[in-house]
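K.L.:
Sharing a structure, written as structure tokens. Questions coming.
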Amino acid sequence: AAAGYRMPAEWAPHRTCYTAWPAHDYAWGPALRDAQREFSAFVAAWSADPAQEPLTILVTAECLDEAQRALAAAPRVQLVPFAYGDIWFRDIAPLFLTGPGELANVRFRFNGWGGKFIYPNDDTVAERLAALRGGPSFVSDFVVEGGALEVDGLVTCLTTRSRLQNEHRGTPESDARIADRLRDALGVCHVIWLDGGLANDHTDGHIDNIARFVAEGVVVCMQAQDDDDPNRDTLDQIARDLQSAKDANGRALQVVRVPSPGRVLSAEGQVVPASYMNFIIGNRRVLMPVFGTRWDEPAQRALQAVFPQHEVVASSARAILEGGGTFHCMTQQEPTP
């Protein structure tokens, strides 16, 4: 912030968007091939509109050939050999900033989501990708993942206490001290706090699974539709907290609720943190994950209503979710300077 940079809203124009090819059996097990097919469908849906920014897809050297074959038909896609242990580039890549002159980035410390998943090369992805892109690069000693932070492009940030005050990411600090850290790193001056996230979310409650800015002063969150939705009470509390919150200018937020996918189970029969909020906003298209539930289409229609300048495209993410996240988790946009 002191150098004049800040993190823009996700709907600001992008020069490219980074993601990575699902490559590792240890992350997906028997779901890997299905996850790769869903990833290929995501790339095809993203690239079909020529107004959409190009994708930069990082690929491990040993998977380069298979990725090239799978993605051969997709236009405006660049494959870049790169070492990583997981594809969740929202969390392990740098966050890009705009300001005076050229694009900049900021890198937070990464500790495998509180030590839960320590994969080779992940803790150096941000540094290596920042060096690849060039430009001013800032470093914060704060342990935080990009999926825990949602900004409106002005000076307001949404986040959760369950994640930013988590003891497995370092000694918990006060709301005020964390707000100071976020101001210094991202150029925001007001933080809206939510308390927790979805059931069985190994990120400890990333904001990008529960509430997203879609315009200045407008936030979307989910509403349970089924009696057995494992997040019914949590989602209602999130909506109440957002409805009582104000942005940096003291204005009440406009809160829009879309259906929740409901109770989605893993291959082992465990509840997984399926969320329609894990969409990624591109220059022309919004890619929304769906899970094969009866609420996929109603949620897509509801999300389309809040993105009048974009086309909301639904793409299956059921197998990708077996690895721990979906579309927002696996992408990181680079804004246009």
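K.L.:
Could you derive backbone 3J(HN,Hα) for the range 164-171 from the dihedral phi with the Karplus parameters 6.51, -1.76 and 1.60 (θ = phi - 60°), listing whole Hz in sequence and x where the residue is Gly or Pro?
P.N.:
6, 10, 7, 5, 7, 9, x, 5
K.L.:
Between E268 and A131, what's the calculated FRET efficiency when r is the beta-carbon distance and R0 is 30 Å? Round to 0.05. Mind showing how you got there, number by number?
P.N.:
Working: r = 39 Å, r/R0 = 1.31.
Computed FRET efficiency for E268 and A131: 0.15.
K.L.:
Before rounding to the nearest 500, sum -39500 (n - 2.57) across all DSSP H runs of length at least 4 in the chain and divide by the residue total; then give [θ] at 222 nm in deg cm²/dmol. Let's see the in-between values first.
P.N.:
Values: 10 runs with 82 residues, N = 337.
Taking each H run of at least 4 residues, the total per residue is -6500 deg cm²/dmol.
K.L.:
Oh, and also: Among F96, F291, F138, which one moves the most in a GNM of the chain with springs linking Cα atoms closer than 10 Å?
P.N.:
Result for the chain, Cα springs under 10 Å: F138 fluctuates most.
K.L.:
Which of E150, E102, E322 moves the most in a Gaussian network model of the chain with Cα springs under 10 Å?
P.N.:
E102
K.L.:
Relative to the present Cα-Cα distance, how much length would full extension add between L79 and E311 at 0.36 nm per residue of separation?
P.N.:
Using 0.36 nm per residue and subtracting the Cα-Cα distance, I get 81.0 nm.
K.L.:
Residues of the range 142-160 with amide nitrogen under 15 Å from the 7 Å Cα-to-Cβ point of A9?
P.N.:
150-158
K.L.:
Any idea what Rg and Dmax come out to for the range 6-137 if you just take the C-alpha atoms, in Å?
P.N.:
15.2, 47
K.L.:
Let me ask another. In the Gaussian network model of the chain, springs joining C-alpha atoms below 10 Å, which of A126, A70, A23 carries the largest mean-square fluctuation?
P.N.:
Largest GNM mean-square fluctuation: A70.
K.L.:
Rounded to two decimals, what is Rg over Rh for the range 239-318 when you use alpha-carbon atoms and the Kirkwood radius? Each step should come with its number before you reach the end.
P.N.:
Working: Rg = 14.6 Å, Rh = 14.1 Å.
Across the range 239-318, the Cα-based Rg/Rh ratio is 1.04.
K.L.:
Assuming R0 = 22 Å, what is the FRET efficiency of R301 and A72, from their Cβ-Cβ distance, to the nearest 0.05? Don't skip to the answer; put the middle values down first.
P.N.:
Working: r = 33 Å, r/R0 = 1.50.
Approximately 0.10, to the nearest 0.05.
K.L.:
Same structure again: Arrange the residues R183, R90 by how much accessible surface each exposes, largest first, with a 1.4 angstrom probe. If you can, show how the numbers build up before the last one.
P.N.:
Values: R183 100, R90 5 Å².
Descending accessible area places them as R183, R90.
K.L.:
Can I ask one more? Between T124 and S174, how high is the FRET efficiency from 1/(1 + (r/R0)^6) when r is the Cβ-Cβ distance and R₀ = 35 Å? Nearest 0.05.
P.N.:
On the way: r = 30 Å, r/R0 = 0.87.
Using R0 = 35 Å, I get an efficiency of 0.70.
K.L.:
How do L64, L132, L253 stack up against each other in accessible area, from largest to smallest, with a 1.4 angstrom probe?
P.N.:
Values: L64 40, L132 95, L253 15 Å².
Output order, biggest surface exposure first: L132, L64, L253.
K.L.:
Here is a further query. Please compute the contact order of the chain in relative form: average sequence separation of alpha-carbon pairs under 8 Å and at least six residues apart, divided by the residue count, as a percent. Walk me through the numbers on the way to the answer.
P.N.:
Numbers: 742 pairs, mean separation 75.9, N = 337.
This gives 23 percent for the chain.
K.L.:
I need the phi-derived Karplus couplings for the range 11-28: 6.51 cos²θ - 1.76 cosθ + 1.60, θ = phi - 60°, integer Hz, Gly and Pro marked x.
P.N.:
Each residue's phi maps through the Karplus curve to give 7, 5, x, 10, 8, 7, 9, 8, 8, 8, 5, x, 10, 10, 4, 5, 8, 10 Hz.
K.L.:
Given the convex hull of the Cα atoms of the range 197-238, what is a quarter of its surface area in nm²? Present the calculation step by step, with values, prior to reporting the outcome.
P.N.:
On the way: hull surface 12.9 nm².
Over every viewing direction, the Cα hull of the range 197-238 projects on average to 3.2 nm².
K.L.:
At q = 0.11, 0.18, 0.20 Å⁻¹, what log₁₀ I(q)/I(0) does the range 80-212 have when each alpha carbon counts as one equal point scatterer in the Debye sum?
P.N.:
One equal scatterer on each Cα of the range 80-212 leads to -0.37, -1.03, -1.26.
The values are calculated or read from the model by the stated rules, or taken from the named source; none is laboratory data. Quick caveat, the model's predicted, so the values are computed rather than measured. With ideal geometry, Cβ positions are generated from the backbone for all residues, glycine too; neighbour counts draw on all protein chains shown. Heads up: the accessible areas ignore ligands, DNA and RNA and are worked out on the full protein's heavy atoms, side chains in. Shrake-Rupley method; radii C 1.70, N 1.55, O 1.52, S 1.80 Å.
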